[in-house]
Amino acid sequence: MDTDQAPFLTTSTQGIDMIEGDITLPSNRTNSNELSTLDEPVLDTIKRDLGAVLRKFGYAVVPRHSSTLLQQWDLWGPLILVTTLAILLQSNATKSSAGAQFAEVFTLMLIGSIAVTVNSQLLGGKISFFQSVCVLGYCLLPLLLSAFVNNILLYIPTKSTISILHIIRFLVVMAAYAWTMYASVQFLGKTQQPNRRMLVLYPIFLFYFLIAWLIILHAHPK
Amino acid sequence: MMFSNDGFLTDKTSSSNSGQTHVFTSFPNSAVDPDDEHFGNQSSDTDKLVLPLPATATDAKPEQSYVWQIEYYQKYFQIDTQQVLERLAASVTPRPNKSYFDSTIRQNPDLYGPFWVCITFIVTVGISGNIVNYFHLPDVEFQIDFSRITLSAILVCLYWWLMPTFIYFFFRWRLNRIEYTFLELLCLYGYSLAIFIPVSVLWIIPINWLQWTLTFIASLVSGSVLVVTFWPTINSDHKRLSAISMLVVLLAHLLMAVCIMFVFFHISDSNINPKSVTTLATTTLSSMSTLTATTTTTATITPKTA
């Protein structure tokens, strides 16, 4: 400490009462539950976490102004969604390429999230990588539903190259894509200044468009 | 003795001072770094020469940021939506008297536009190539061929990086001055690819002469923007050399477009084998790189003999 800084750091003693003693909290069952969740039954933990995941799905499907998705992010939802999507997009492939196909969706999801997050951070946004992965993953739910519908529709036999069924499938996936974009714009668009909002939203648009394109391309395993 | 709100030691007790929290807003003289005063004077003098940055540029003092931090690269992304749209529009309108380079890019070269234009180009080429495949091979199980997409991605990114490298070194060694920084050249070339994005969607239409016409027109328009930008600099050199180098720039642009068209879209007969198309593309790519290298070296060698 420099000697000329010492006078600035001495405090005045006017009007301060000295507090001394021990601080103890009364041992209360509810207090210790809030502090440590190690002792609770496993079922409670699962129910609480599952409830949080389901609530976040609800926020993603019906976009309300809520900061839960961003502040209490978790990666369960994205994991479930991407795994289900990868299983749904399996087509009649040989054994060697089936693994590669499964990994394609994961790779696309990972690289897309990295690109979107880095882009948002470079443009001055204040969002972290995991928050962005969380939001992008949860907003994928409408596209997953459209992949379900797609698979079901593919069971109807069709002969021509372009039939009304293809058009219906295309429209369903495009509608889900629009829904997904709307949801993620609500969450991720607000983290950026208005001058650069379109610059941040454009990579998200590309990312979801690629996933929608993968879903459209999926043909029925014969 | 009590601390007042602005941190000075006084004898009076301020009414709002709680006596327990001290906010230091001024520091003793020893805390001032003597180097900071020089910094402050310099920045105020050069402020008048710096052109205005976009509205969202941060005003914070530049802190020390390292290569592995995001903040180090943020200076290449100081750009607004409006500016990106302006640059995209200017990259397809060649104007001989007013260089859009000087009015837009030179103040603030960015990497956002070029990078995402390249990625969008690769994505649209991949998707359009898929659509073309779907219409011409209806019996085959329809899967995305990632090897072709990877090939086109490598081609486009190489073009985006190699041409500015060539031009930068050409200017540096031949003309002995650095008129354009590498970043500005990257920016130029990235935006010049923007016209190919709608063209790649139009390439789906399987009419032979239409595809060729589109290729020529698009590469001519964006190539002429490049030529117009470089012309004032290169005009100071020999006439023959400047003409040849501008021709090389145009030809490289055209060659890149033709390569993409051949790999994905060109349907001259209905029995195109995907494997033969890929080998054709790789041979064209290698010949393009050797062609560019040889024309650049001949362009540098011939004026010396002339």
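Each value in this text was obtained by applying a stated rule to the coordinates, not by laboratory testing. Values in this document were obtained by computation on a predicted structure and should not be read as measured data. Glycine gets a Cβ as well: all are built from the backbone with ideal geometry, and neighbour counts include every protein chain shown.
General remarks:
- Dipole of the range A:75-219, positive direction: furthest Cα of A:Ala86, A:Val185, A:Ile156, with charges on the beta-carbon: A:Val185
- Checking the cross-link pairs A:Lys190/B:Lys75; A:Lys126/A:Lys190; A:Lys56/A:Lys190 against a 20 Å limit on the alpha carbon distance flags A:Lys190/B:Lys75 as lying beyond it.
- In this rough spin-label picture, where each label sits 7 Å from Cα along the Cβ direction, the B:Gln82-A:Leu154 distance is 4.8 nm.
- Once the C-beta distance of B:Val92 and B:Trp231 is scaled by a Förster radius of 25 Å, the resulting FRET efficiency is 0.90 to the nearest 0.05.
- With each label modelled as a point 7 angstrom along the Cα→C-beta vector, the B:Ile131-A:Leu210 pair spans 1.9 nm.
- Remark: mean inter-chain Cβ contacts per residue of A:194-200 equal 6, using a 10 Å Cβ-Cβ cutoff to other protein chain atoms.
- Model label points for A:Leu217 and B:Arg240, set 7 angstrom from Cα along the Cα-to-Cβ axis, are 5.1 nm apart.
- Peptide B:77-85 - average C-beta neighbours from other chains (10 Å radius): 5
- Other residues whose C-beta falls under 11 angstrom from the C-beta of B:Gln78 contribute a net charge of 0, scoring Lys and Arg +1 and Asp and Glu -1.
- Translational D in µm²/s for the range A:62-213 (Stokes-Einstein at 4 °C, 1.567 mPa s, Kirkwood Rh from C-alpha pairs): 79
- R0 of 41 Å, Cβ-Cβ distance A:Ala98-A:Gln72: FRET efficiency to nearest 0.05: 0.70
- A Förster radius of 51 Å, combined with the Cβ-Cβ distance separating A:Met18 from A:Ile80, puts the computed FRET efficiency at roughly 0.35.
- 12 Å beta-carbon shell around A:Gln192, net charge (K/R +1, D/E -1): +3
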